Amino acid sequence: MPSAAAKKSAKAPAQKVAHGRIADPVLVKGRREFFTYRDLGVADASGGNMRAQVMKATQGLSRPTGWHYHECDGQFIYILKGWVELQFEDGKTIKVEEGDSLFIPGYLRHNETRTSNEMEILEVSVPGELGTKPCEAPAGFKD
């Protein structure tokens, strides 16, 4: 009879260690033109189960991103520098500041409305593939 670990490894893609080095950044194309995106190698190392990257901006948002949702199980952000303000379909507006974190469930409509001029965010999503879909503003909100 195979062990529980053997059964799990038979189902899950092979995983390996990922070491993202600041001295050797891997920059990738991202969702927004005003950010730079540094891939941390987690998607490849986890067999696509998870993605981690650092998003960085040196100029604040000139206008909101527009209402959208992400096709994923969940998205986690941790603010390394600066802040971002988000509106959610339930009517809440949250300002996430340096040292704060935020988990956004997949498919939850939201809109980034303002940011600090300089910003750096660690973003993790499950699974590793994160689709972004524009959508209509919820009732009571302007686009």
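The values are calculated or read from the model by the stated rules, or taken from the named source; none is laboratory data. This structure is a prediction, so every number in the text was calculated from the model and none was measured. Positions of Cβ are generated from backbone atoms using ideal geometry, with glycine treated the same way; all protein chains shown enter the neighbour counts.
Filtered by the rule that a residue be surrounded by 11 or more Cβ atoms within 10 Å (Cβ to Cβ), among the acidic types (Asp, Glu) and outside any helix (DSSP H, G or I), the range 29-65 gives a lone residue, Asp39. From the set of residues in the range 1-28 that are part of a loop (DSSP other than H, G, I, E, B) and among the aliphatic types (A, V, I, L, M), which is modelled with the lowest pLDDT? Ranking the qualifying residues of the range 1-28, first place goes to Met1. Would you tally the residues in the range 111-133 being within 17 Å of Leu61 (Cα to Cα) and either part of a loop (DSSP other than H, G, I, E, B) or over 13 Å from the mean Cα position of the chain (by Cα) (or both)? Result for the range 111-133: 8. Within the range 78-97, being part of a loop (DSSP other than H, G, I, E, B) and either touching a residue at least 12 places away in the same chain (Cβ under 8 Å) or within 15 Å of the chain's Cα centre (by Cα) (or both) holds for Gly82, Glu89, Gly91.
Of all residue pairs spaced 6 or more apart or on separate chains, those with beta-carbon atoms under 9 Å, a first member in the range 25-36 that is in contact (Cβ under 8 Å) with a residue 40 or more places away in the chain and a second member that is part of a strand (DSSP E or B) and of a type in the set (Val, Ile, Thr) are Arg31/Thr132. Quick test of your reading of the structure: Pro138 fulfils all but one of (1) modelled with pLDDT under 95; (2) more than 10 Å from the chain's Cα centre (by Cα); (3) surrounded by 15 or more Cβ atoms within 10 Å (Cβ to Cβ); (4) under 21 Å from Phe34 (Cβ atoms). Name the failing condition by number. Condition (4) is where Pro138 drops out. Among all positions in the range 86-97, there is at least one residue which is buried (at least 19 other Cβ atoms within 10 Å of the Cβ) and of a type outside the set (A, V, I, L, M).
Candidates in the range 29-52 are the residues that are touching a Leu at 6+ places or on another chain (Cβ under 9 Å) and not basic (Lys, Arg); of these, the one that is modelled with the lowest pLDDT is Phe34. Selection of the range 106-140 for residues being farther than 21 Å from Gly30 by Cα and of a type outside the set (Gly, Ala, Ser) yields Glu136, Pro138. Any idea which residue in the range 98-110 is farthest from the chain's Cα centre (by Cα), counting only those that are of a type in the set (Gly, Ala, Ser) and exposed (fewer than 15 other Cβ atoms within 10 Å of the Cβ)? So, considering only residues that are of a type in the set (Gly, Ala, Ser) and exposed (fewer than 15 other Cβ atoms within 10 Å of the Cβ), the one farthest from the chain's Cα centre (by Cα) is Gly99.
Does Phe103 satisfy the criteria of being over 22 Å from Lys29 (Cα atoms), outside any loop (DSSP other than H, G, I, E, B) and modelled with pLDDT of 95 or more? Here the answer is yes, as Phe103 does meet what is asked.
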